[in-house]
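Below is one structure; the comments refer to it alone.
What follows draws every value from the coordinates through simple rules; no lab data is involved. Owing to the predicted nature of the structure, the values given are computational and were not obtained by experimental measurement. Reconstructed Cβ throughout: ideal geometry from the backbone, glycine too, with neighbour counts over all protein chains shown.
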Amino acid sequence: MTPTQPTRSGGFWAEAWRRYRRRPLALAALVFVGWLAVVALCAPAIAGTKPVLCRYKGHLYAPCLAFFDRRLEPAVFARDRFRGTYPQNLKEKDPDSWAIWPLFFQDPYRAVRENEWPGRPANPARDEGHPSASHPFGTDQYGVDVLAKMVHGTTVALLVGFVSMGLAGTIGIVIGALGGYCGGWVDMVTSRFTEIVMCIPTLVLILALTAIIEKPSIWKTMAIIGATGWTGIARLTRGEFLRLRQSEFVMAARAAGAGPVRIMLRHILPNALAPILVPITFGIASAILTESALSFLGFGPPPPSASWGSLLNDARSNYSMWWLVVFPGLAIFLTVLSYNLIGEGLQEATDPRLREARK
Amino acid sequence: MATYLLRRLLLGLTTLVVITGFVYGLARNMPGTPLTVQLGETDPSRKINPEDQERLRKIYGLDKSWPVGYAQWLGNLLQGDLGRSISRKQPVTQLIAERIGPSFLISGTSLLLTWLISVPLGLYASARSGRFDERASSLLLYVLYSFPTFVAALFLQIIFAVWLRGTPWELPLFGMSDLPADAPWLARVGDVARHAILPVTCQTYVSLAYDSRFIKANLEEAVRQDYIRTARAKGAGPWRVLVHHAFRNTLIPLVTLLGLSLPALIGGSVIIEQIFTWPGMGRLFFESIRERDYPTIMGLTLMFSVLTLLGQLLADMLYCVVDPRVSLD
């Protein structure tokens, strides 16, 4: 008889990852979100009207970074009166210049004019903007290319999920941890507070908060979604902390002289993190939904933003432009679906009860 | 039981005061007032002169700070008066009463349809658990669940109101009725029904996907219990085990779900009513926020919050009815 080799356990997260990998759909969803992140990071290099890299009057510049922040646009181009149109100005003002252009020469904020790119006609506007070879997803009523808008809108879609749920997660974990760990009157106050916030209909609260903002911006929308979406996380965290507070390892830590903050952060939180991550992932999906719904209702950030929801809003004024609905709609749908699949994969991979049931 | 109800009632009242006070503060701090927003937007030349505006501000009580205004609103509420809408010149109670019907028409139909379809679907899914057809239908439901309502609404509008225009399949784009009020009764009902098809579909499919998944998850939990094995050992058939033994025990979480859907049942859905310009409560709320119509905002907020609290209480009470082991004290 050969002695059986004990299989080495790679720790909780390695185990969870091993189980997660077995679900092809969850894995595909993870790949999709990763791909979106790449698109968001490289957006100005995928679609834009500014060179990714160019050599002008002896210096190297990367004007495409202006799409992330207008201040990143090199001052020399403003001095030389480029006015945002690069292709011909570059050649005229410095015949020796060269440039690496984005894959797709289209601007997410304005229509490309005739001959802006040598020999290319102006973007079609209104009903003319059917999807075609030069505009795979069509153009909107002002002639702005939909694909370029969507590529640049990816940043918004991803940021909304992460920023608002980062905020909601922080609030929820702090409130839940305080209530669960301290107990007594602290728990009483935090629990009542959570219950009251839960009773306010979310959309009512979000609409009211959005309406009091003087200058709407995408960051404020994210803050509002985060500030209203933490209640479920707080309840779950409280439950986990209540349970783990009684466990032996916490008692051991306390006996070793660890303070309450250290116990909460270093000892209990890592053990409670897996179940808390699940509602956070689902929360990302619903945050993206909420943001696009707000933009769609016209309550989102003002026009020069390329949120997917605002494209849908444009479609409402002209129903015959179906491409304004289909492509952004599918993008929102696929992103929400991916986060839901990731959340479910995470749940199945980390929940011991579901694991036993599978056998 | 009585002490429990009393405690819940007190807690509920505190919650209501906190919520309405908070929303009142928010509403009063929104940029613009009902007077400026309404008149300034429609026609700049119709901006009222400062004296008139001051007079109107006095009439509507807008010259007072918001805590004072809130106290007044609360006082009027205790006398059963929700105030008059500023932009619509109607009592808020009347405005709400007009909008309850249309909202309920959509959400009531949708709730009924959801339960009629999702219960058999959930039973079917857990009976065929793991088979190919179950996995395909579950995947489809999952995909539907992630499909945003407003995207689906736009898709449906484009398909049925634009592409199918002129065919018998054409459905109206928005509104509740095209016929005048003096049209024959039967024709009007048919017309409203035709207008309601798309909004009801949109409202139904998401909850359908959610509910049937919920039912299936609960059934699968129940099927693993010992009493199911006992029932099987006794010789009960698979359907009898599923419906009679397992499903009865999943009624408890379902009842909670039913209670929690109460606010949506009467309050309607802001997004769907807004897309289909359906004259319901959700749309009224959306419009009142845009018009800064404080009395209407407050009346609706109060109603939504009362419904939410009532739904939770109802869920807890039904819980006791369904499961005698649970006691409220």
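The table that follows gives values for the structure above.
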item	result
Virtual paramagnetic centre 7 Å along Cα→Cβ of A:Ala223, amide N under 17 Å, in region A:200-214	A:206-214
Rounded tilt (10° steps) of B:251-260 against the dominant C-alpha axis of chain B	10
Average other protein chain Cβ within 10 Å of Cβ, residues B:151-158	6
Whole-Hz couplings from phi, Karplus 6.51/-1.76/1.60, listed for region A:63-80; x for Gly and Pro	x, 5, 5, 4, 5, 7, 7, 4, 5, 7, 6, x, 5, 4, 6, 5, 4, 8
For A:Tyr56, distant residues with modelled amide H under 5 Å away	A:Tyr61
Mean separation of Cα contacts under 8 Å (6+ apart) over length of chain B, as relative contact order %	27
Label zone at A:Ser134 (point 7 Å along Cα-to-Cβ), backbone N below 14 Å, region A:79-117	A:105-107, A:111-117
Centroid-to-centroid separation of region B:127-176 and region B:106-121 [C-alpha atoms, Å]	15
FRET efficiency estimate (nearest 0.05) - Cβ-Cβ, A:Val261 to B:Ser65, R0 30 angstrom	0.15
Average silhouette area of region B:61-188, convex hull of alpha-carbon atoms, in square nanometres	14.8
FRET efficiency estimate (nearest 0.05) - Cβ-Cβ, B:Leu260 to A:Phe162, R0 35 angstrom	0.75
Packing-based order for B:254-266, A:283-295, using average beta carbon neighbours within 10 Å, highest first	A:283-295, B:254-266
Inter-chain shielding of A:315-321 (mean C-beta neighbours from other protein chains, 10 Å cut-off)	3
0 to 90° range, to nearest 10: angle between helix B:50-59 axis and chain B longest Cα axis	50
Estimated 222 nm signal from helices in chain B, with DSSP H stretches of n ≥ 4 weighted -39500 (n - 2.57), rounded to 500	-23000 deg cm²/dmol
Estimated distance in nm for a label pair at A:Ala122 and B:Asn29, the labels positioned 7 Å out from Cα along Cα-to-Cβ	4.7
Shielding by partners, peptide B:139-146 (average Cβ within 10 angstrom, other chains)	3
Chain B: C-alpha gyration tensor shape, a/c 1.5 cut-off, then a/b vs b/c	oblate
Kirkwood Rh and Cα Rg combined as Rg/Rh, region A:37-85	0.98
Over the protein assembly as shown: Kirkwood hydrodynamic radius from C-alpha pairwise inverse distances, Å	28.7
In range of the label at A:Asn318: residues from region A:134-160 whose backbone nitrogen is under 17 Å from the point 7 Å along Cα→Cβ	A:135-150
Axial C-alpha extent at least 27 Å, average Kyte-Doolittle at least 0.0 - helices from chain A (DSSP)	A:146-182, A:269-296, A:323-350
Ranking of A:Asp145, B:Asp182 by count of other Cβ atoms within 10 Å, fewest first	B:Asp182, A:Asp145
Euclidean distance between Cα centres, region A:163-188 to region A:223-237, Å	9
At R0 = 45 Å, FRET efficiency that the Cβ-Cβ distance of A:Leu273 and B:Leu164 yields, to 0.05	0.35
Lysines with Cα under 19 Å of A:Lys57, excluding same-chain neighbours fewer than 8 positions away	A:Lys91, A:Lys93
